[in-house]
Amino acid sequence: METVRIGMLGCGVVGSGVATILDRAGIDIAARAGAHLEITRIAVRDLDRDRGLPLDPAVFTDDAESVVIDDDVDLVVEVMGGRDVAGQLVRTALRHGKPVVTANKQLIAHEGPDLLAIAAEAGVDLMYEAAVAGAIPIIRPLKESLAGDHIRRVIGILNGTTNYILTRMTEEGASYDDVLADAQDLGYAEKPDPSADTGGHDAAAKTAILASLAFDSAVVDGDVYREGIERVTATDIEVARRLGYVVKLVGIASEVDGQVAVRVHPTFLPTTHPLASVRLAYNAIFVEADGAGELMFYGPGAGGEPTGSAVLGDVVDAVRNLLQTVRGPIESTHRAAQVRPMEDLITQYYLLLDVEDRPGVLAAVANTFGEHAVSIAQVWQEGDADHAQLVLITHRAREGNLRATVDALEATGGVLAVANVLRVESEGRRD
């Protein structure tokens, strides 16, 4: 049996997971791949750090360039993260005819089309199953298993940190700030700045990748409309509960009138939706296709060994192709669909208004909605002395009209503040 020599870029949580699994299950993995897999070089920043891995210290180097250009490396695994340095190294590896397996969502979400073109020109694989949802197999099903179907929509809980926070707010009535502090103590959220997760950036990158595959179009991170969970309050959570919803941060990619709509934001999700029961730090992706119907993919979305498992799945595929001197299935962008402007989204909305508790305010608010062609489905008011909170759920309306309504409400007499606006996932409607 041949030996395929692996060079790794980075050896943090995911890289350590790859090395650990390969040491533990190397015989089985070799049998599946058709070759022994040997990590022969790992680029790291700190050569003195003891990583506690079953590897010869001699494999570690601080010369990352050597990993991607030297002849004693057959395949490159990039788990260092970041864009600039990682992107340069991945390009170099591909141009030197080395297949690359990466877990780098930011790199693929921003530069995927360019990197895939380089890989195609070089005739080698660029694989990135681990870039979305950790251990959950979703890239390969979209690219291969569902290649004979027409996908209409993909909606997913793609960030474990935000799902952990919202789950605890829902189940315990805890405040956002308190649960965020716990998430940071547990290592789910970064200190001091957790915004990559809580601001929806992480989920947006993953949504761009899923949209590209689902709709055969080059969708990048900047195409995704994004809102985070920072403004979600206990009041929002409680209103959702009363109405039969839960609040989740979801990424949604859908086909609408020949365009691709991509967005990430907190959403009122019906408790009957399969994603509503996904708790704590777990991820899940729900796919709707014409032939296959509704499919659910669920599991741990992060972590060293879960993500390392996805990396090694790609490594096995890349090795099989390398031994046969072929490359795997290519990503198609033949449809090149335009990204649909967020202003043209049609959905329902939840609004929480702080208002003066006096006659005529509700009528003024209703009139403002009517002037902007947004119809109110439900409304109730809870007052306290001279101050009240007004809760409204709209019928389905255009996003641009809703935004104009919000702007007008802020200038409406008796309205003290528009405290929050969240989108509502309509039962049976998939825009």
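The values are calculated or read from the model by the stated rules, or taken from the named source; none is laboratory data. All values derive from a computational prediction rather than experimental measurement. Using ideal geometry, Cβ is built from the backbone for each residue, glycine included, and neighbour counts are taken over all protein chains shown. Side chains included, ligands, DNA and RNA excluded: accessible areas come from the protein's heavy atoms. Shrake-Rupley method; radii C 1.70, N 1.55, O 1.52, S 1.80 Å.
List of remarks:
- Based on Cα atoms of segment 279-431, Rg over Rh with Rh as the Kirkwood radius reads 1.20.
- Scattering profile of segment 45-173 at q = 0.12 Å⁻¹ [log10 I(q)/I(0), Debye over alpha-carbon scatterers]: -0.62
- Per-residue 3J(HN,Hα) values for segment 254-269, derived from phi via the Karplus relation 6.51 cos²θ - 1.76 cosθ + 1.60 with θ = phi - 60°, read 9, 9, 9, 6, x, 10, 10, 9, 10, 7, 9, 5, x, 9, 6, 10 Hz in sequence order (x marks Gly and Pro).
- When the Cα convex hull of segment 382-431 is projected onto planes of every orientation, the mean area is 4.3 nm².
- Axis of helix 234-243 versus longest Cα principal axis of the chain: the two differ by about 80°, to the nearest ten degrees.
- In this Cβ point-charge picture (+1 for Lys and Arg, -1 for Asp and Glu), segment 132-261 has a dipole of about 420 debye about its Cα centre.
- With every protein chain in place, the chain: carbon and sulfur % of accessible area (1.4 Å): 48
- Contact order relative to length of segment 145-194, as percent, for alpha carbon pairs under 8 angstrom and 6 or more apart: 26
- Euclidean distance of C-alpha centroids, segment 112-153 and segment 222-273, integer Å: 25
- Lysines with Cα under 18 Å of K143, excluding same-chain neighbours fewer than 8 positions away: K105, K206
- Whole-Å semi-axes of the ellipsoid equivalent to segment 1-118 (Cα gyration tensor, √5λ, descending): 22, 17, 14
- F60 long-range amide H proximity, modeled H, under 5 Å: I42
- The convex hull around the C-alpha trace of segment 80-137, projected and averaged over every direction, spans 3.6 square nanometres.
- Taken one residue at a time, the phi angles of segment 146-160 give Karplus couplings (6.51, -1.76, 1.60, θ = phi - 60°) of 9, 5, x, 10, 10, 7, 9, 7, 10, 9, x, 8, 10, 9, x Hz. Gly and Pro are set to x.
- Accessible surface, per residue, of the chain when the full set of protein chains is kept, probe 1.4 Å, Å²: 41
- Cα-centre dipole for segment 42-193 with unit charges at Cβ (Lys and Arg positive, Asp and Glu negative), debye to 20: 700
- q = 0.11, 0.15, 0.17, 0.20 Å⁻¹, segment 168-247: log10 I(q)/I(0) [Debye, one scatterer per Cα]: -0.39, -0.68, -0.80, -0.94
- Diffusion constant of the chain at 37 °C, which comes from Stokes-Einstein with the Kirkwood Cα-pair radius and 0.692 mPa s, µm²/s: 142
- Structure-based [θ]222 nm, the chain - -39500 (n - 2.57) summed over DSSP H runs of at least 4, per residue, nearest 500: -11000 deg cm²/dmol
- Put simply, segment 299-357 fits an ellipsoid with semi-axes of 45, 23, 6 Å; these come from the alpha carbon gyration tensor as the roots of five times its eigenvalues, largest first.
- Two-decimal ratio, segment 159-198, of alpha-carbon radius of gyration to 2.2 N^0.38 Å: 1.01
- Nonlocal amide H pairs with M127, under 5 Å, H built at 1.01 Å: V100, V101, T102
- Cα extents of segment 1-69 along the three principal axes, largest first (Å): 34, 26, 18
- Calculated log₁₀ intensity ratio I(q)/I(0) where the Debye formula runs over C-alpha points of segment 214-351, q = 0.10, 0.11 Å⁻¹: -0.48, -0.58
- 5 angstrom amide H check on R152, placed H, neighbours 5+ away: E288, A289, D290
- Rounded to two decimals, the Cα-based Rg/Rh of segment 33-96, with Kirkwood Rh, is 0.96.
- Each residue of segment 113-122 was assigned a 3J(HN,Hα) from its phi angle through the Karplus expression (A = 6.51, B = -1.76, C = 1.60, θ = phi - 60°), giving x, 5, 5, 5, 5, 5, 4, 5, 5, 7 Hz with x at Gly and Pro.
- Distance histogram for segment 228-267 (every C-alpha pair counted, 10 angstrom bins, percent rounded to whole numbers): 27, 40, 26, 8
- Divide the volume of the convex hull around the Cα atoms of segment 117-274 by the residue count and you get 142 Å³ per residue.
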